[in-house]
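To keep things clear, I will list the structure first and then write my remarks on it.
The values are calculated or read from the model by the stated rules, or taken from the named source; none is laboratory data. Source: prediction; values computed, not measured. Counting neighbours? That spans all protein chains shown, and the Cβs are built from the backbone with ideal geometry, glycine included. Heads up: the accessible areas ignore ligands, DNA and RNA and are worked out on the full protein's heavy atoms, side chains in. Shrake-Rupley method; radii C 1.70, N 1.55, O 1.52, S 1.80 Å.
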Amino acid sequence: MSNYVGVIDQTEGNWGVRIPDLAGCYGAGESAEAAIRDAASAAREWILHQAGSGVKPPKARAMSEILASGEIDVAAGEAAVLIGVLIDDGRTVRANLTFDAGLLGAIDAAASERGLTRSAFLASAAREKISQTR
């Protein structure tokens, strides 16, 4: 997982996050948390799009470097946040997991409702949970 620095601010009740290291990449939401989640999703898509064109993503700069650069206008209400970006490495591995039978049934039902396999559903849920805790 890479952690990019995002610049968050609030304007007229809406929150926005821009990621200086990923030109044109931003997220938005009705809350700071929603904007950060949206920025993480946008960053993942930005990086995957670049990779599809054969372009490697830029290295994430340290927060201290971005703070020192003057790219964040604290006087205008901007603040720095870390945006965790999880990119798959393109290979799958088999894992043996144990669940309560009732929980596994609920997982399978939720996956089926979304047209996903159990593995795809669990991977998606794990990505979401990981992005919320960073």
**Request:** Post the alpha-carbon centroid distance, segment 1-49 to segment 103-128, in whole angstrom.
**Result:** 26 Å
**Request:** Kindly provide log₁₀ I(q)/I(0) values, in the same order as q = 0.10, 0.11, 0.13 Å⁻¹, from the Debye equation applied to equal alpha-carbon scatterers of the chain.
**Result:** -0.42, -0.50, -0.66
**Prompt:** Accessible surface of TRP15 in the full protein assembly, 1.4 angstrom probe, to the nearest 10 Å²?
**Reply:** 70 Å²
**Asked** Mind checking which helices in the chain clear 15 Å along their axis (Cα) and have mean Kyte-Doolittle hydropathy of 0.0 or more, DSSP H runs only?
**Response** 101-113
**Asked** Are there trypsin sites (Lys or Arg not before Pro) in segment 30-114 that DSSP puts in a loop and that have at most 12 other Cβ atoms within 10 Å, and which ones?
**Response** LYS59, ARG91, ARG94, ARG114
**Message:** Quick check for you: with a 1.4 Å probe and neighbouring chains kept, what is the accessible area per residue of the chain, in Å²?
**Reply:** 66 Å²
**Message:** Below 13 angstrom from the Cβ of LEU67, what's the summed charge of the other residues (Lys, Arg +1; Asp, Glu -1)?
**Reply:** -3
**Prompt:** What relative contact order, as a whole-number percentage, does the chain give when Cα pairs under 8 Å and 6 or more residues apart are counted?
**Reply:** 25 percent
**Request:** Quick one: net charge around VAL7, please, counting Lys, Arg +1 and Asp, Glu -1 for every other residue with C-beta under 9 Å from its C-beta.
**Result:** -3
**Message:** How much of the pair distance distribution for segment 1-66 lies past 17 Å, counting alpha-carbon pairs only, in percent?
**Reply:** 40 percent
